[in-house]
Amino acid sequence: MISYIIRRIFYAIPILVGVNLITFALFFVVNTPDDMARAQLGVKRVTPEAIGKWKEERGYHKPLLYNAQAAGRGAVTETIFFEKSVKLFVFDFGRSDQGRDIGYDIRTRMWASLAIALPVFLVGLLAYITFALLMAFFRATYVDFWGVVACVLMMSISGLFYIIGGQYLVGKLLNVVPISGYDEGADALKFLILPVLIGVVSGIGANTRWYRTIFLEEISKDYVRTARAKGLSEIRVLFRHVLQNAMIPVLTGVVVVIPLLFMGSLIAEAFFGIPGLGSYTIDAINSQDFAVVRAMVFLGSVLYIIGLILTDISYTLVDPRVRFE
Amino acid sequence: MRFLSPLAGRRPGRGASDHTIPRVVVFGMASFLHRAALVAAALVAGCSGAPWNNPHPVSQSGGNILYSSFSERPKHLDPVQSYSSNEYAFIGNIYQPPLQYHYFKRPYELIPYSATEVPRAQFYDASGRRLPDTAHARDVAYSDYVIHIRPGILYQPHPALATDEQGRHAYHDLQPGDLDGIHAIGDFRRTGTRELVAADYVHQLKRLAHPRLHSPIMQLMGEYIVGLKELARELAESAKTLPRGGFLDLTRHEVSGVQVLDRHTYRIRVRGKYPQFVYWLAMPFFSPVPPEADRFYAQPGMAEKNITLDWFPVGTGPYMLTVNNPNRQMVLERNPNYRGETYPGEGEPGDAEAGLLRDAGKSLPFIDKIVYSLEKEQIPYWNKFLQGYYDASGISSDTFDQAVQFTGQGDVTLSDDMKKQGITLLTSVSATVFYLGFNMLDPDVGGSTERGRKLRHAISIAIDQEEFISIFRNGRGIPSQGPIPPGIFGYREGREGINPYVYEWADGAPRRKSIEQAKALLAEAGYPNGRDAKTGQPLLLNLDTTATGPDAKARLDWYAKQFQKLGVQLAIRATDWNRFQDKVRKGNVQMYFLGWHADYPDPENFLFLLHGPQSKVRTSGENASNYENAEFDRLFEQMKNMYNSPERQRIIDRMVEILRHDAPWVWSFFPKDYTLHHAWVHNRKPNEMANNGLKYQRVDPALRDRMRREWNQPVLWPLAVLAAVLAVSLVPAVLTFRRRERQTAKA
């Protein structure tokens, strides 16, 4: 297994280089280093000299990908792409274009993202699987029919509606929890109730339907019929047999997102005033801070790759037939 | 603690358990959920009687605190770099430049802040001979501004000024490991203070030239302040000899035009005559910064922890930044060392009647703490304002109808709901101008020919600004007749203030000329019915804009309709801000939208936007229309060196007339700002220039707490009903489950 993991890590390197290259190309197609300088220096009274100085200080005065002026390796290494990308591979994110330490910002902000994403993930998973099993149990009855109708309805509603509607209903009309905001430690609890609730509810439609499909497919298999024929109760059939055998497709979708929980939610964090990494990324895009965008995309890619490796490992835990060969 | 759940009086009695199983399930679950909700809420509220939805800590109840918000984190808090209103909202209350604007008087009036008086320029000719105050600009080689600082002003407590038992700076020689466990400025154990001295102002002036700080006004001030350009070159050379990020000690360098005369007096020498210079003395760029702060923050390890002057200011103003977590919250607290300033006793007519002068003579500031919370979206902010958790709010388009209504006479008044909550509406015309600019280098719409001028006038008449303001700004704006907004010297009201090329005076008010007159002008320009008289081709004009999205589409469609009234086709070229700036800079636009907010209340700060030598294409200046008119440019040079006087007004009138005649802009509108505040907030008055108004404001925390409790009683019955409905809907499912479990296999 260790050799498999090492092999996967080596496979990740060209993927990360590719991701970096694509991010770099996309960013600089839209923004020139001059644009970045203007975004940081402001709108009023910005002189070409100030822009030139800003670029030089941060190394944005160099060519993007190929330095025709430099000799030898310098043609590749003395470029913006090389200088800004290499350090990422040792997780040295450097400083943002505003001058702040990106690693410090990530370390402080990821906890806020996690404070929402983890409960939404865990409570959501429990709720979705429970609802899906319930619907599978009551398949072909009014519970299943209206459950599917409700799921389709809930899937059809925009996530933004859940947020705004939830804030208005729970925070404004019922006055039960704050509409938005954040605090640290135990004081964060009252701010987390609403976003977690909305996060779970907004995912019920799509996720319950997805899991229901998996469970129904499993229920129709021969071993289930055999289990029933043995006289096992439906509960036992569902939880001991169907759930266990449905774990591979469930894990495929679930384990891969676990590392990404750190990255936060772009929209929810903005609406609830949560100072997480989602809003950090959005702010960086809005302010054309390439250093932060690049770091966050890189981090997201790394976490996604970790998620995929964890998924593979988890297969061996739930299905003895899977081997790393 | 009170709970308003109707279920509280309707819980099932003991007999409930004797009923059938489903009823036990229903009422039992409802009761359980209800109790759980109560317990959870009690935990949240800490049994303090505070509303459950209060986003602020219960411990702050009754505190002399103002609650506000910010939507994006400030980029710079270093006064040498900061140049935007969202940054000034903080540092304007922390730093203390020599001058400030009178909070109440209009027109805006400069008064001393840390200075003992507003300095008067002393003029000298090239030989150093003192000239009279009335000297003509062409005779003046230098102007000296001698500024006396009030003795006894102290800095806020700060670790950069802390000393140890031996009187040495406690944190100026940090060793590796000393910063372990320190993540913010408040983590340093010791703080200290010292008296503000003139050298601190001189130090800040040197910082304008610092090669790594990129002050946006360096180039402008380099033209005026003697020796500043030379200092910039000298510092750039010195910086090259330092390791990357090494400390550049400004105390080892001098700027020849700025001298410390004594402990509390310094002099700034400015080239020529520049009356607007005093306005700059009221801006944070000219605030004092102690050299100790630069030395303190330059130590290794500080920047890595984001502990910089750009993040943690050191000021002498009424407030100090004690929490700077721009990801969540920023907190200003009263500077315990601030004293000596009292609430003004004078204002403009009506201020006393409005109760704004009741606190005259009392010591400032009134409020102990200002809590700014990050609020990126308008909807949560607005709802929290209505709940009483923010003390003041602007009005967005989304909430306009909810907040404001128009009377039969067209006056603006608060809606009944707002009145019921005791909310007050304040309105003011912003020192801002929005315009549609023509690129004067463009062969079709530009140029100084009669043809181009008539085309521009025709378009100016056709675009109905009154309709635009009514539809798209809910009436929040006044159509502009020229570049100078109301409240700024040079603005003319009434008949003499109208633009005669676009309006005529009728029934005591300006009336836009008819579309027929615009069509006639278009025909005279060579485009009868919007077609080129020579080729017969329809006239197609391009408008560059950064506006996108559904709201912008409605506005742009409206603009296209205005051009259609003339038979002219309008092509909208939507582009992002970067491309837009690039196109304007290269002159690759035909028409464009822009606006300008004044730095200071002087007509020069608006008229320079059309000054020929500041053409965007030629000099990267702020004249985005690349307008040039020899007479206008000559008058501008003359006007900018004058103090306000009838003579200056006469020159401005002539300049405005030239602009109206040449029409390089479609004079669009001056926006009106609408702000709301709750009944517990006092002494608020819109001031477009002052950025230190917090110290005058006062809150009534007891009233706020009472109103919050009244407005935010938790409503629990819908939750109980929901729980009951869910429980009831589960009953048949449970029955089905049991039936299935008991039934035998089917044949």
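Those strands (runs of 3 or more DSSP E) of the range B:479-571 in which at least 2 residues are assigned by TED's automatic domain parsing to the domain that holds B:GLN465, under 18 Å from B:GLN465 (Cα atoms) and touching a residue at least 24 places away in the same chain (Cβ under 8 Å), considering only elements entirely within it, cover B:509-512, B:540-545. The set of residues in the range A:135-163 being in contact (Cβ under 8 Å) with a residue 24 or more places away in the chain, in contact with a Gly (Cβ under 8 Å, 6 or more places away or on another chain) and farther than 30 Å from A:LEU266 by Cα consists of A:MET135 alone. Which residues, counting only those in the range A:17-44, are surrounded by fewer than 18 Cβ atoms within 10 Å (Cβ to Cβ) and over 23 Å from B:THR575 (Cβ atoms)? Selection gives A:VAL17, A:GLY18, A:LEU21, A:ILE22. Residue pairs whose Cβ atoms lie under 7 Å apart, separated by 6 or more positions or on different chains, with the first residue in the range B:635-647 and touching a residue at least 60 places away in the same chain (Cβ under 8 Å) and open to solvent by 40 Å² or more (accessible area, probe 1.4 Å) and the second of a type in the set (A, V, I, L, M, F, W, C) and assigned to a helix (DSSP H, G or I), are B:GLN638/B:ILE651.
Taking each residue of the range B:714-740 that is open to solvent by 80 Å² or more (accessible area, probe 1.4 Å) and looking for partners that are not in a helix (DSSP H, G or I) with beta-carbon atoms closer than 6 Å, six or more apart or interchain, yields B:TRP717/B:SER5. Scanning the range B:142-149 for any residue that is polar (S, T, N, Q) and assigned to a loop (DSSP other than H, G, I, E, B) turns up nothing. Quick one: which residue in A:ARG225, A:ARG209 is open to solvent by 50 Å² or more (accessible area, probe 1.4 Å), more than 27 Å from A:TYR162 (Cα to Cα) and assigned to a helix (DSSP H, G or I)? Going through A:ARG225, A:ARG209 in turn, the sole match is A:ARG225.
Kindly evaluate B:GLU254 against the criterion of being among the acidic types (Asp, Glu) and part of a loop (DSSP other than H, G, I, E, B). Yes: the conditions hold for B:GLU254. From the set of residues in the range B:269-294 that are outside any loop (DSSP other than H, G, I, E, B) and within 14 Å of chain A (Cβ to nearest Cβ), which is farthest from B:PHE123 (Cα to Cα)? In this case the residue turns out to be B:PRO284.
If the condition is being among the acidic types (Asp, Glu), touching a Lys or Arg at 6+ places or on another chain (Cβ under 6 Å) and within 21 Å of B:ASN93 (Cα to Cα), then the range B:346-388 contributes only B:ASP368. Scoring B:LEU676 on the criteria (1) in contact with a Ser or Thr (Cβ under 6 Å, 6 or more places away or on another chain); (2) away from every other protein chain (no Cβ under 14 Å); (3) over 26 Å from B:TYR83 (Cα atoms) leaves a single failure, condition (3).
Can you find a residue that is within 30 Å of B:TRP711 (Cα to Cα) and crowded, with 20+ Cβ neighbours inside 10 Å anywhere in the range A:102-112? The answer is yes; a qualifying residue exists.
Screening the candidates A:PHE271, A:PHE290 for the property of being away from chain B (no Cβ under 11 Å), at pLDDT 85 or above and farther than 27 Å from A:ILE313 by Cα yields one hit, A:PHE290. Evaluation of B:TYR67 against the conditions (1) open to solvent by 30 Å² or more (accessible area, probe 1.4 Å); (2) closer than 25 Å to B:LEU357 by Cα; (3) not in a loop (DSSP other than H, G, I, E, B) shows that the sole unmet condition is (1). Taking the conditions (1) under 30 Å from A:PRO195 (Cα atoms); (2) without any contact (Cβ under 8 Å) to a residue 24 or more places away in the chain; (3) not hydroxyl-bearing (Ser, Thr, Tyr) in turn, A:ILE51 satisfies each one other than (1).
Please tell me if B:TYR297 is at negative phi, open to solvent by 10 Å² or more (accessible area, probe 1.4 Å), within 13 Å of another protein chain (Cβ to nearest Cβ) and of a type in the set (Phe, Trp, Tyr). It is true that B:TYR297 is at negative phi, open to solvent by 10 Å² or more (accessible area, probe 1.4 Å), within 13 Å of another protein chain (Cβ to nearest Cβ) and of a type in the set (Phe, Trp, Tyr). For the range B:143-200, filtered to residues that are under 21 Å from B:TYR113 (Cβ atoms) and among the acidic types (Asp, Glu), the residue that is most open to solvent (accessible area, probe 1.4 Å) is B:GLU195.
Kindly establish whether A:PRO14 is in contact with a Ser or Thr (Cβ under 6 Å, 6 or more places away or on another chain), farther than 30 Å from B:GLN614 by Cα and more than 14 Å from chain B (Cβ to nearest Cβ). So A:PRO14 fails the test.
Only one entry of B:GLY186, B:GLY167, B:GLY181 meets the criterion of being in a helix (DSSP H, G or I), of a type in the set (Gly, Ala, Ser), farther than 30 Å from B:PHE636 by Cα and at pLDDT below 95, and that entry is B:GLY186.
Report yes if some residue within the range B:391-398 is in contact (Cβ under 8 Å) with a residue 60 or more places away in the chain and hydroxyl-bearing (Ser, Thr, Tyr); otherwise report no. Yes, the conditions are met somewhere in the range B:391-398. The residues of the range B:626-657 that are assigned to a loop (DSSP other than H, G, I, E, B) and in contact with a Lys or Arg (Cβ under 8 Å, 6 or more places away or on another chain), listed by number, are B:ASN626, B:ASN641, B:MET642. Of the helices (runs of 4 or more DSSP H) lying entirely inside the range A:32-142, those containing at least 2 residues that are modelled with pLDDT of 90 or more and within 14 Å of another protein chain (Cβ to nearest Cβ) are A:102-137. If I ask for residues that are crowded, with 17+ Cβ neighbours inside 10 Å and within 12 Å of chain B (Cβ to nearest Cβ), which ones from the range A:143-163 would you list? Matches in the range A:143-163: A:VAL143, A:ASP144, A:GLY147, A:ILE163. Once the range B:551-568 is narrowed to residues that are surrounded by fewer than 18 Cβ atoms within 10 Å (Cβ to Cβ) and more than 29 Å from the chain's Cα centre (by Cα), the residue that is farthest from B:ILE459 (Cα to Cα) is B:ASP557. In the range B:300-316, the count of residues that are of a type in the set (A, V, I, L, M), touching a His at 6+ places or on another chain (Cβ under 9 Å), open to solvent by less than 20 Å² (accessible area, probe 1.4 Å) and part of a loop (DSSP other than H, G, I, E, B) is one or more. In this structure, does B:ASN86 turn out to be in contact with a Phe, Trp or Tyr (Cβ under 7 Å, 6 or more places away or on another chain), modelled with pLDDT of 55 or more and part of a helix (DSSP H, G or I)? Considered against the rule, which asks whether it is in contact with a Phe, Trp or Tyr (Cβ under 7 Å, 6 or more places away or on another chain), modelled with pLDDT of 55 or more and part of a helix (DSSP H, G or I), B:ASN86 comes out as yes. Taking the conditions (1) in a loop (DSSP other than H, G, I, E, B); (2) assigned by TED's automatic domain parsing to the domain that holds B:LEU205; (3) open to solvent by less than 40 Å² (accessible area, probe 1.4 Å) in turn, B:GLY347 satisfies each one other than (2). Candidates B:ILE423, B:ILE461, B:ILE469, B:ILE370: the one that is at pLDDT 95 or above and within 25 Å of B:TYR592 (Cβ to Cβ) is B:ILE461.
The values are calculated or read from the model by the stated rules, or taken from the named source; none is laboratory data. Remember, it's a predicted structure, so these values are computed and weren't measured experimentally. Note: ideal-geometry Cβ built from the backbone for every residue, glycine included; neighbour counts use all protein chains shown. Please note that ligands, DNA and RNA were not included when accessible areas were found on the heavy atoms of the full protein model with its side chains. Shrake-Rupley method; radii C 1.70, N 1.55, O 1.52, S 1.80 Å.
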